[in-house]
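Values quoted throughout were computed directly from the atomic coordinates according to the rules given, and no laboratory measurement underlies them. Quick caveat: nothing in here was measured; it's all calculated off a predicted structure. Note: ideal-geometry Cβ built from the backbone for every residue, glycine included; neighbour counts use all protein chains shown.
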Amino acid sequence: MTIDWASFTPWLSLAGGVLIGLSAAGFVLLNGRIAGVSGVLGGLLQRQKADSFWRIAFIAGLLSAPLLWALVADLPPIEVNASLPVVVIAGLLVGIGTRFGSGCTSGHGVCGLSRLSPRSLMATLCFMAAGFGTVYVVRHLVGGSPL
Amino acid sequence: MKYNLSSFFCGLVFGLGLLLSGMANPEKVLGFLDIAGLWDPSLALVMAGAIGVGLIAFTVAGQRQRSLLGFEMELPTSRSIDRPLVVGSLLFGGGWGLAGFCPGPGLVAMGAGEIKAIAFVGAMVVGMMIFEQIEQARKAHALTQA
């Protein structure tokens with residue numbers, strides 16, 4: 001294992017993590033809910049749920065973050081090297097997987113681990129392992145070129 | 001109204017945290033997932049920062065009957081580690097490793113106008129709708145069996 005010191009941003013990432021933690025803290029303390037992005041979005045697609053406006057508000061907040069950021073400073077880079085078909089396949093897998101698994105990086109990874117939930121620990125270990133495995137296959141077995 | 005406002009504000013702070021931490025950039029996320037290549041440990045520090053704050057918040061939240069704004073606490077109650085949890089999380093991790101997007105960063109990058117993020121979010125919504133269809137069919141099947 002070789003650490004990529006040129007890309008590693010320990011303080012910015014820690015500070016950003018604290019902001020994410022404060023958002024999750026605010027959401028559970030003010031609204032009594034888990035700030036899980038896949039759950040918030042997925043709930044909008046369930047016919048029987050009538051409580052949808054707060055979900056739209058949370059997602060509008062996420063979408064507005066880069067707009068607010070751009071008023072103050074240049075946006076950080078967003079580099080997507082995967083091709084469009086691969087991005088679409090990735091989106092389908094993330095959509096189906098997070099709903100069957102009842103959560104994603106925010107709901108299980110941040111909130112669930114903060115609640116010391118064994119279920120979320122299991123989910124986090126599974127998606128981390130699958131993520132490591134997929135990147136290994138794509139970058140080191142298939143040949144390293146973006147698909 | 002208060003509920004919707006605090007939802008918006010929490011979504012906004014979440015998004016700003018993703019931008020500041022570098023996690024809205026798929027290439028940086030993939031740098032963390034690529035342990036066999038040049039490894040960027042940044043994502044681990046994002047998790048450490050978020051969980052550090054979260055541990056305190058969820059300890060306080062767990063002792064409360066109602067939220068600070070007076071709403072009912074709606075925390076998950078399921079404790080079972082079952083097949084959908086494991087298989088779903090594995091599928092999610094596979095998709096995450098393919099493009100470097102998970103749901104939050106996908107939405108933030110879409111807000112920044114990134115075309116591939118819009119495609120990712122569109123496909124993710126379709127994936128979630130496929131899940132709803134499967135769930136409906138499964139429930140209907142369970143009803144006919146009962």
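Report the relative contact order of the stretch A:11-65, percent, no decimals, based on alpha-carbon pairs under 8 angstrom and at least 6 residues apart.
20 percent
Give me a single rounded figure for B:129-135: the average over its residues of other chain Cβ atoms within 10 Å of their Cβ. Mind showing how you got there, number by number?
On the way: counts 5, 4, 9, 5, 0, 3, 3.
The shielding value for this peptide is 4.
Using a Debye calculation, one point per C-alpha and no hydration shell, please list log10 I(q)/I(0) for the protein assembly as shown at q = 0.07, 0.10, 0.12 Å⁻¹ in order.
Log-scaled intensity ratios, in q order: -0.23, -0.48, -0.70.
At 30 Å minimum axial length over the Cα atoms and a Kyte-Doolittle cut of -1.0, report the qualifying DSSP H helices in chain A, or say none. Kindly include the intermediate steps, with their values, before the conclusion.
Working: long enough: none.
Result, helices passing both filters: zero.
As I understand it, the dipole of the stretch B:2-145 uses +1 on the Cβ of Lys and Arg and -1 on the Cβ of Asp and Glu, about the Cα centre. Which of B:ILE118, B:VAL29, B:GLY70 lies farthest toward its positive end?
Farthest along the dipole direction, towards plus: B:GLY70.
In nm, to one decimal, how far is the B:MET1 label point from the B:ILE115 one, both placed 7 Å along Cα→Cβ?
Simple spin-label model gives 4.3 nm for this pair.
Check which residues have an amide H placed less than 5 Å from A:THR9's amide H, if you skip close sequence neighbours.
The answer is B:SER42.
Counting other Cβ atoms within 10 Å, keep those with at most 12, restrict to DSSP loop, and tell me which trypsin sites (Lys or Arg not before Pro) in the stretch A:15-88 are left.
Passing both the DSSP loop test and the Cβ count: A:ARG47, A:LYS49.
Between the stretch A:65-86 and the stretch B:93-145, how far is it from one alpha carbon centroid to the other, in angstrom?
So the separation of the two Cα centres works out to 20 Å.
May I ask you to list, by number, the DSSP H helices of chain B whose Cα span along the axis is at least 15 Å and whose average Kyte-Doolittle hydropathy reaches 0.0 or more?
Helix filter hits for chain B: B:2-21, B:42-62, B:83-99, B:115-145.
With a cut-off of at most 13 other beta carbons within 10 Å, and DSSP calling the residue loop, which GluC sites (Glu not before Pro) in the stretch B:56-124 qualify? Please list them.
Taking the stretch B:56-124 and a limit of 13 other Cβ atoms within 10 Å, the loop GluC sites (Glu not before Pro) found are B:GLU74.
Take the Cβ-Cβ distance between B:MET73 and B:GLN133 as r, set R0 to 22 Å, and report the resulting FRET efficiency rounded to the nearest 0.05.
Working: r = 31 Å, r/R0 = 1.41.
Between B:MET73 and B:GLN133 the formula returns 0.10.
Can you figure out the FRET efficiency of B:HIS141 with A:ASP51, using R₀ = 30 Å and their beta-carbon distance, to the nearest 0.05?
0.65
For a quick check: with amide H placed at 1.01 Å from N, whose amide H comes under 5 Å from B:LEU38's, ignoring anything fewer than 5 positions away on the same chain?
none
On a full-extension model of 0.36 nm per residue, what is the gain between A:ASP74 and A:LEU121, subtracting their alpha-carbon distance, rounded to one decimal in nm?
Gain on extension, A:ASP74 to A:LEU121, equals 13.3 nm.
Quick check on the stretch A:67-118: take the gyration tensor over C-alpha atoms, sort the square-rooted eigenvalues as a ≥ b ≥ c, and tell me if it's rounded (a/c under 1.5), prolate or oblate.
Oblate, since a/c reaches 1.5 and b/c is not below a/b.
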